[in-house]
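First up is the structure itself, then whatever we jot down about it.
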Amino acid sequence: MRISELDLPAPVKEFYERSGIKELYPPQAEAVKKGFLEGRSLLAAIPTASGKTLLAEMAMLKSISHGGKALYIVPLKALASEKFERFRQFETLGVRTGISTGDYDSRDEWLGDRDIIVATSEKADSLLRNGAPWLSSLTIVVADEVHLIDSANRGPTLEVTLARLRRLNPSLQIIALSATIGNAKELAGWMGAELVVSDWRPTTLKEGVFFGRAINFQDEKRVISTPGPDEVLALVSDTLAEGGQCIVFTNTRKSSEGIAQKVAKSLSKKLTEEEKAAFQDIKQQVLRHAETDTCARLAACVEHGAAFHHAGLKNEHRRIVEDEFRRNRIKVIACTPTLAAGLNLPARRVIIKDYRRYDVNYGSVPIPVLEYKQMAGRAGRPGLDPYGEAVLIAKTHDEMGELMDNYVLSEPEHITSKLGTEPALRSHVLSAIATDLCRDESDLYDFMDTTFYAYQRGDLSAVIKNVLDFLEAERMVVRSGDRLNASELGRLVSRLYVDPLSASIIVRALEAAKKRGEPYQKEIALLQLICATPDVRPLYLRRSDYGWVVKYTEDHIDDFLTEVPGAGDETDFEAFLATVKTAALVDMWINERNEEEITSFYSIGPGDVRSLMESCVWLMHATAEISGLLRAPVTTEARELAVRIEHGISRELMDLIELEGVGRVRARKLYDAGFRDRETLKKADEAAVAAVLGEKVAAKVLAQLGRKDVAATTGPDDTIGQSTLLLFHE
DNA sequence: CCTTCAGTATTTTAGACAGCATGTC
DNA sequence: CTAAAATACTGAAGG
């Protein structure tokens, strides 16, 4: 089927033809036949890279051409930016795109007149809670990676959001894009959508199991050209010898780094001069954000054309690795499942080194077929590789057979809704009440009856009753007769997007603070409080941490606002210690200990510090808001702490940090040089400031203070303007 | 008395969303 | 109901 035959506005067809797309892929053609261009909902359960995005695009553009408005829901912030960049190309068609994630946001009024809005599922949920007016004018919603409904953490948000959007506009067109799953039909049934299921791929994918010296595919065998004792190394060398790139999936960060190092070592022997130069360039890029151990190790690897990739890395480093791999400069990435889903990063050969993964409840368990298929699907760059290969590794002959049966020849699992638990329902029930979506209990049941959970599993009312009891006991929901109302606290909690359980922990602590009277000055207490909420994942408490954490706890025993468990309950006490350990890290951060010191002391990656601080800022903000409502004596303190955690600074730098382009490092330099606040800086000698910050930055900073004598040079010379944490390192 | 090495006990273990205000990625 | 690899520790043999 040709683009030109489609029922799309002429400019849209021209747009695609100009970019070289003339013919539809078979699954796309099937979708057209099922009528998605006539406004029918569609579930496309097809492999990555087989043109799912194009389907969504055409449906959105069609809908927009009739005056419609589209929401594109993604699971990852990084994916949101990727799609946003892509859809901005539609500007030539007069179609305007906006983005809304926790990181950035086109302002509300702006979103209102955008034609396409890209958002994460949580942000979409949050927009619903805050009653964004434009939501009711949506005509089409795209749910990318919709199989994530299966996820216990984030799946419920996605399905509730979809259910709410449908209630808002019953004729809403839904385009759901999914990996191949076992029960696509069931999911489509819930959404009232047509179904397209296909295994078709633009590049052929060969899946096999490596054993001995050969990869055993379903109906052929490939003997490795470069055998060796290390299976992974042998497979990698074999790919490289053919001129392909490789991704190795592992189950721990350590193992990903180990493999990257091994590969780097073996590569280092046979580099061309040209490659050496390129790798030096990448190394310099990496070192620009340097300091920590992790960073040094990464630099040592990329120097030889290999890299590792996991959540302990800073986003900047991840991006460098991804980009350089795409440019075919980095040859091999060893990674944890960070790269399994989402971003488009194909390679000739994908090696799945570990098919088991540790799980807190069950020990090491085999990964689901669905996940295997997602990793395998990364193999083969369309148009560049003749084919893609996905390889599992077996140690015994028996294991080879098992892997063949259980993964290569297996169908992906069914996905199931995880909405049926109290933690999942707490926040959604509160939100439904707070936004007046549901006015009484039966209303609530009716609404929840439209979720995938209800469609698949049935009745939710028992759990909902428990959740309502909790919300009433915590005074977030008030009953008057049949009518359910959210209290002021309830509305605030729903808007702040924190777990009601977190809020109740905070409320309890703030009441304790109130009893003590006086403005409450102990910062460690507030830090420990937010670390004790389920919205912050505490650090792992090692045996070797026990000593100092207990000591630290004893030193602050009178300060804590949450209840210290008695020595009776071992598990509770350990959990408490973990929150203290985490709070101690945040304390180090806001007392300006350097990143290196923190990461090595806690043996975590810089990326972990960043993500922990992000959630702490968010919860500290929530604490300040709740404190304000409750008139608890910590509002100012919490506000201040939120700023300090965001930037990693002590109190005395709070004035300087307001300056654009000044982060924790520069603020400290200025302060120590005697420029203690913006007022002082205003009167300062330009040369003296330049001596501290360097000329360019100094000029930029002084220009903000209304110093007309300084010529503000504009240019992308540094990171000025971004609001990200941990940026201003030198 | 110190070093070395093998056998054994212990430790550790993936990922990533959200507020708000500001300015346009 | 369920694991496995890396690391730390221990003790005996050897220098």
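The values are calculated or read from the model by the stated rules, or taken from the named source; none is laboratory data. All of these numbers come straight from a predicted model, not from anything done at the bench. A quick note on method: Cβ atoms are made from the backbone with ideal geometry, for glycine too, and the neighbour counts reach across all protein chains shown. Note: accessible area is taken over every heavy atom of the protein model, side chains too, but ligands, DNA and RNA are not part of it. Shrake-Rupley method; radii C 1.70, N 1.55, O 1.52, S 1.80 Å.
Restricting region A:339-374 to residues that are open to solvent by 40 Å² or more (accessible area, probe 1.4 Å) and acidic (D, E), the residue that is farthest from DNA strand C (Cβ to nearest atom) is A:E371.
For A:R164, the criteria (1) basic (K, R); (2) modelled with pLDDT of 95 or more; (3) more than 28 Å from the chain's Cα centre (by Cα) hold in every case but one, which is (3).
When A:G112 is tested against (1) buried (at least 22 other Cβ atoms within 10 Å of the Cβ); (2) assigned to a helix (DSSP H, G or I), just one condition goes unmet, and that condition is (1). Going by what's in this entry, would A:A567 be described as surrounded by fewer than 18 Cβ atoms within 10 Å (Cβ to Cβ) and at pLDDT below 90? It is true that A:A567 is surrounded by fewer than 18 Cβ atoms within 10 Å (Cβ to Cβ) and at pLDDT below 90.
Inside region A:583-595, can you point out the residues that are open to solvent by 60 Å² or more (accessible area, probe 1.4 Å) and assigned to a helix (DSSP H, G or I)?
Result: no residue meets the conditions.
Please work out which residue is nearest to A:E614 (Cα to Cα), limiting yourself to region A:324-338 and to residues that are more than 14 Å from DNA strand B (Cβ to nearest atom) and open to solvent by 10 Å² or more (accessible area, probe 1.4 Å). Here the residue is A:R326. The set of residues in region A:633-670 being closer than 17 Å to A:L702 by Cα, part of a helix (DSSP H, G or I) and open to solvent by 40 Å² or more (accessible area, probe 1.4 Å) consists of A:E658, A:R668, A:K669.
Condition check ((1) within 22 Å of A:V118 (Cα to Cα); (2) buried (at least 19 other Cβ atoms within 10 Å of the Cβ); (3) modelled with pLDDT of 95 or more; (4) touching a His at 6+ places or on another chain (Cβ under 9 Å)) across all residues:
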| residue | (1), (2), (3), (4) |
| --- | --- |
| A:A31 | no, yes, yes, no |
| A:L43 | yes, yes, yes, no |
| A:S50 | yes, yes, no, no |
| A:E57 | yes, yes, yes, no |
| A:I64 | yes, yes, yes, no |
| A:A70 | yes, yes, yes, no |
| A:V74 | yes, yes, yes, no |
| A:F87 | yes, yes, yes, no |
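To keep it simple, each residue is scored yes or no on (1) away from DNA strand C (no atom under 16 Å from the Cβ); (2) within 21 Å of A:V332 (Cβ to Cβ).
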position	(1), (2)
A:V196	yes, no
A:D199	yes, no
A:I259	no, yes
A:S266	yes, yes
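Of the listed requirements (1) away from DNA strand B (no atom under 16 Å from the Cβ); (2) over 30 Å from A:S410 (Cβ atoms), A:R348 misses just one: (2).
Here is a check on your reading of the model: is A:D385 part of a loop (DSSP other than H, G, I, E, B), more than 27 Å from the chain's Cα centre (by Cα) and either of a type in the set (S, T, Y) or surrounded by 18 or more Cβ atoms within 10 Å (Cβ to Cβ) (or both)? Answer is yes for this residue. Here A:F308 meets each of (1) part of a loop (DSSP other than H, G, I, E, B); (2) more than 30 Å from A:Y25 (Cα to Cα); (3) touching a residue at least 40 places away in the same chain (Cβ under 8 Å) with one exception, condition (1).
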